[in-house]
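Visitor: Sharing a structure with you now.
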Amino acid sequence: MTGSSTLNYILGDHLGSASVTTDSAGNNAVYALYKPCPQGVLREGESRYNSGALPTQHTNTGQRSNMSDFARPGSIAAWDRYAYVENNPLRYTDPSGHCTGDPNDPSDPDVECWEKLRTLNKMYDGIFSINSQWSFDELLILEQALAMLLKAYNNDLSLLEQAVAPLKSGPWSELLLNRTHDLQFIQPVHARYSPLFHSINFYDLLFTDNPEGCIECQKWDIIHDIGHGVDYAGSRDVYLFSEEAGYSRCLFVSFSTPAGYIDSYASSSLTEDFSQTFTYSIYLANGSYLYGNPPSAGRMSYFLKIIPALRITQD
């Protein structure tokens, strides 16, 4: 790994913890040993010995430091929501945190996670399809984000379906919400929408890159990427939005975002402007947390036409 201009090597133990780091010549070694379960709760990065400062945030079990308790039940001994890997962190790790065991086994102690997944898929059947790689805590955040979307569409599933997945068959009959732990080799992002499959891949970065404890940041990102799905499901709603927002229709004019975008990310492209304004509108329709600058009247006039509950807040 590199830190500023220095090349460092990380040597892991059997749990993947950063136990030894050296410089490029194998010198200046720093050693670290970790507490398996201090005070009954495993907190990431707590060490019982270190010979210096490790040049990495990925410490105990290879995960980021300065996070809160491991809050997912790791496997079959996980009735306690705060039990981690069968209360045996000397032997096991749980890098994914997703639902464990057999989803059809009623004796599976991780039944809470599977039940939440089933409930969400049943409730939003024909609109969203959620895979099994989400952890229970991530499903709770996803549930809140989807509830905000539903409320913005007057709690009418048929209206939400028309916006997100208007077709009755084929890949556009549902928007796939895929949690993935795949590595990203080109331009790491929180999530990526695929028009071909009408699917969104949500990456680890969504839950590690946002400020610690900022659930609203994670919900915002989820709704933002669903906004890309709404754009394509509406046969490129973004083009109608561009007229309201004041974008130039001349192909020979260099790209320039009209004034009134909510933040610098929205100014990066027309599609990001659409999704950021969509997300702002969903939050406004819910009467909750708002991020960024208020969008221009032109931008809001478009979403007032397509988000029913937004019209109520503006009356």
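The values are calculated or read from the model by the stated rules, or taken from the named source; none is laboratory data. Values in this document were obtained by computation on a predicted structure and should not be read as measured data. No Cβ is skipped: glycine too gets one built from the backbone with ideal geometry, and neighbour counts run over all protein chains shown.
Visitor: Looking at L240, L183, L205, L196 in this structure, which one is of a type in the set (A, V, I, L, M, F, W, C) and within 10 Å of the chain's Cα centre (by Cα)? Step through it out loud before you land on a result.
Guide: Numbers: L240 fails: within 10 Å of the chain's Cα centre (by Cα); L183 fails: within 10 Å of the chain's Cα centre (by Cα); L196 fails: within 10 Å of the chain's Cα centre (by Cα).
Selected residue: L205, the only one of L240, L183, L205, L196 that is of a type in the set (A, V, I, L, M, F, W, C) and within 10 Å of the chain's Cα centre (by Cα).
Visitor: Next question, about the same structure. R249 - would you say it is modelled with pLDDT of 90 or more and either basic (K, R) or not in a helix (DSSP H, G or I) (or both)?
Guide: On the way: modelled with pLDDT of 90 or more: no; either basic (K, R) or not in a helix (DSSP H, G or I) (or both): yes.
It is false that R249 is modelled with pLDDT of 90 or more and either basic (K, R) or not in a helix (DSSP H, G or I) (or both).
Visitor: Being within 24 Å of S194 (Cβ to Cβ) and in a helix (DSSP H, G or I) is the filter here; which residues of region 124-143 pass it?
Guide: As a first pass, look at region 124-143 and keep what is within 24 Å of S194 (Cβ to Cβ): 124-135, 138-139, 141-143.
Matches in region 124-143: E138, L139, I141, L142, E143.
Visitor: Next up: If you go through region 153-166 one residue at a time, how many are free of Cβ contacts under 8 Å to residues at least 12 places away in the same chain and either more than 12 Å from I306 (Cβ to Cβ) or over 24 Å from the mean Cα position of the chain (by Cα) (or both)?
Guide: Applying the first criterion (free of Cβ contacts under 8 Å to residues at least 12 places away in the same chain) to region 153-166 yields 155, 158, 162.
Imposing the further condition that a residue be either more than 12 Å from I306 (Cβ to Cβ) or over 24 Å from the mean Cα position of the chain (by Cα) (or both) reduces the set to 155, 158.
Count: 2.
Visitor: In region 259-268, which residues are in a loop (DSSP other than H, G, I, E, B) and surrounded by 20 or more Cβ atoms within 10 Å (Cβ to Cβ)?
Guide: Filtering region 259-268 for residues in a loop (DSSP other than H, G, I, E, B) gives 259-265.
Selection gives Y261, I262.
Visitor: Tell me, please, whether a residue that is among the aromatic types (F, W, Y), closer than 17 Å to N121 by Cα and assigned to a loop (DSSP other than H, G, I, E, B) can be found in region 153-167. Lay out the reasoning, then the answer.
Guide: Restricting attention to region 153-167, the residues satisfying the condition of being among the aromatic types (F, W, Y) are 153.
Imposing the further condition that a residue be closer than 17 Å to N121 by Cα reduces the set to none.
Taking every residue of region 153-167 in turn, none turns out to be among the aromatic types (F, W, Y), closer than 17 Å to N121 by Cα and assigned to a loop (DSSP other than H, G, I, E, B).
Visitor: Residues in region 279-315 that are within 18 Å of N155 (Cβ to Cβ), of a type in the set (A, V, I, L, M) and either surrounded by 14 or more Cβ atoms within 10 Å (Cβ to Cβ) or modelled with pLDDT of 95 or more (or both): how many?
Guide: Going through region 279-315 one residue at a time, the tally reaches 7.
Visitor: Okay, moving on. Looking at (1) part of a strand (DSSP E or B); (2) touching a residue at least 40 places away in the same chain (Cβ under 8 Å), find the lone condition where G229 falls short.
Guide: It fails just one condition, (1).
Visitor: Exactly one of these conditions fails for V111: (1) at pLDDT below 95; (2) touching a strand residue (DSSP E or B) at 6+ places or on another chain (Cβ under 7 Å); (3) among the aliphatic types (A, V, I, L, M). Give me its number.
Guide: Checking V111 against (1) at pLDDT below 95; (2) touching a strand residue (DSSP E or B) at 6+ places or on another chain (Cβ under 7 Å); (3) among the aliphatic types (A, V, I, L, M), the one that fails is (2).
Visitor: Anything in region 190-216 that is surrounded by 15 or more Cβ atoms within 10 Å (Cβ to Cβ) and over 13 Å from E138 (Cα atoms)? List them, or say none.
Guide: Matches in region 190-216: H190, A191, R192, Y193, S194, H198, S199, I200, N201, D209, N210.
Visitor: Those residues that are more than 18 Å from Y283 (Cβ to Cβ) and either buried (at least 17 other Cβ atoms within 10 Å of the Cβ) or among the charged types (D, E, K, R) (or both), I need them from region 143-158; list them, please. If you could, list the steps in order and put the result at the bottom.
Guide: First, the residues of region 143-158 that are more than 18 Å from Y283 (Cβ to Cβ): 156-158.
Matches in region 143-158: D156 only.
Visitor: Test T271 against the stated conditions and say whether it is assigned to a loop (DSSP other than H, G, I, E, B) and touching an Asp or Glu at 6+ places or on another chain (Cβ under 7 Å).
Guide: no
Visitor: Which one of G97, G101 is at pLDDT below 90, surrounded by 15 or more Cβ atoms within 10 Å (Cβ to Cβ), under 23 Å from the mean Cα position of the chain (by Cα) and not assigned by TED's automatic domain parsing to the domain that holds W220?
Guide: On the way: G101 fails: under 23 Å from the mean Cα position of the chain (by Cα).
Sole residue among the options that is at pLDDT below 90, surrounded by 15 or more Cβ atoms within 10 Å (Cβ to Cβ), under 23 Å from the mean Cα position of the chain (by Cα) and not assigned by TED's automatic domain parsing to the domain that holds W220: G97.
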